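Have a look at the structure below before the remarks.
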Amino acid sequence: MARKIGFIGVGNMAGAIIGGITSTEGGVSYADLVLYDCLPEKCEPYAALGAHIAINECDVALLSDVVVLAIKPQGFPALFETLAHVQNLDRKLIVTIAAGITVESISSALHTSSVVRVLPNTPMLIGQGVSVICRNNAVSADDFAFVVSMFEASGRVVLIDESEMNRIISVTSSSPAYVFAFIKAICDGAAAQGLTGEHILPAVCDVVIGSAMLLKQGSKTPEEQISVVTSKGGTTERAMAVLEEDDLYGMLEKAMKACTRRAEELSGN
């Protein structure tokens, strides 16, 4: 029998998950989805495809076997109050994709035992995501494999211990923003030199994709690849000297630590 998968919150990340699990061979049918969002228009496209649109958060929990909590971290206190008295919630598999919300906080607030915590990222929207996953001991191997398969449908899955979760947010979940900022900086630098054609952004994106693929598929470290590009006395050497002088690496480390501190704040630590 197919599992009913409920989503509380139908934003971009939920949409990416739904797109992945419904598009894979032998995947989930829209008829097996139960959706609710405080903005009804977000659910309308899925209703047209056969998904059940719930009347509220409790309705999702009652009608689903797997309940995906896909709202922002700041909304969890109110959601906990809403769901706390739902009957048989302890029999549901709860999945959270919110930064900083721990397995223990969900288990305690909702009086449930089976909780899986996932940190996806926005490249899931095109099937190229990285999702970091952990669980508590109450989650069965079968249930955990099911959740892993949900996220593998939209990219790569990394399994870790929850003690690493807040720190890895800065590595896999928030890091697409760093990459977008890097791409923007290169495009801005091009514009400052009078290069403003429509071809610039696609070209820079392809450089980033190609560089990442070269690093991933090759045997060289990032430092070794930098050396390959950086000829002594050449143009790249001059550019890298400026980046090192302005402490690019130190800025990124500082940013990542700030990201982790915020995750700790959201966790109540």
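Observations on the model:
- Qualifying position, being open to solvent by less than 30 Å² (accessible area, probe 1.4 Å), free of Cβ contacts under 8 Å to residues at least 40 places away in the same chain and in contact with an Asp or Glu (Cβ under 9 Å, 6 or more places away or on another chain), among Val34, Val103, Val118: Val34
- Among the residues of this structure, Ala239 does not count as one that is under 18 Å from Ala181 (Cβ atoms), open to solvent by less than 70 Å² (accessible area, probe 1.4 Å) and under 24 Å from the mean Cα position of the chain (by Cα).
- Residue match in segment 191-202 (condition: without any contact (Cβ under 8 Å) to a residue 40 or more places away in the chain and within 18 Å of the chain's Cα centre (by Cα)): no
- Taken over segment 63-77, residues that are surrounded by 19 or more Cβ atoms within 10 Å (Cβ to Cβ) and within 22 Å of Val28 (Cα to Cα) amount to 7.
- Complete set of residues in segment 242-268 that are touching a residue at least 12 places away in the same chain (Cβ under 8 Å) and open to solvent by 100 Å² or more (accessible area, probe 1.4 Å): Lys257, Arg262, Glu265
- Test: residue in segment 136-144 that is closer than 19 Å to Gln74 by Cα and of a type in the set (S, T, N, Q): no
- Whichever residue in segment 191-203 is in a helix (DSSP H, G or I) and hydrophobic (A, V, I, L, M, F, W, C) and, among such residues, is least open to solvent (accessible area, probe 1.4 Å): Ile200
- Between Val116, Val157, Val179, the distinction of being within 13 Å of the chain's Cα centre (by Cα) and at pLDDT 95 or above belongs to Val157 only.
- Residues of segment 135-148 that are without any contact (Cβ under 8 Å) to a residue 40 or more places away in the chain and surrounded by fewer than 22 Cβ atoms within 10 Å (Cβ to Cβ): Asn136, Asn137, Ala138, Ser140, Ala141, Asp142, Phe144, Ala145, Val148.
A quick yes/no check of all residues on (1) surrounded by fewer than 22 Cβ atoms within 10 Å (Cβ to Cβ); (2) more than 14 Å from Ile8 (Cα to Cα); (3) touching a residue at least 24 places away in the same chain (Cβ under 8 Å):
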{"site": "Glu57", "(1), (2), (3)": "no, no, yes"}
{"site": "Leu79", "(1), (2), (3)": "yes, no, yes"}
{"site": "Pro123", "(1), (2), (3)": "yes, yes, yes"}
{"site": "Val132", "(1), (2), (3)": "no, yes, yes"}
{"site": "Arg156", "(1), (2), (3)": "yes, yes, yes"}
{"site": "Ile160", "(1), (2), (3)": "yes, yes, yes"}
{"site": "Ser163", "(1), (2), (3)": "yes, yes, no"}
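- Residue ID - nearest to Ala98 (Cα to Cα), chosen from residues in segment 172-190 that are among the aliphatic types (A, V, I, L, M) and open to solvent by less than 50 Å² (accessible area, probe 1.4 Å): Ile183
The values are calculated or read from the model by the stated rules, or taken from the named source; none is laboratory data. As the structure is a prediction and not an experimental result, all values here were calculated from the model. Don't worry about glycine lacking a Cβ; one is built from the backbone with ideal geometry, like all the others, and counts go over all protein chains shown. SASA here: full protein model, heavy atoms, side chains in, ligands and nucleic acids out. Shrake-Rupley method; radii C 1.70, N 1.55, O 1.52, S 1.80 Å.
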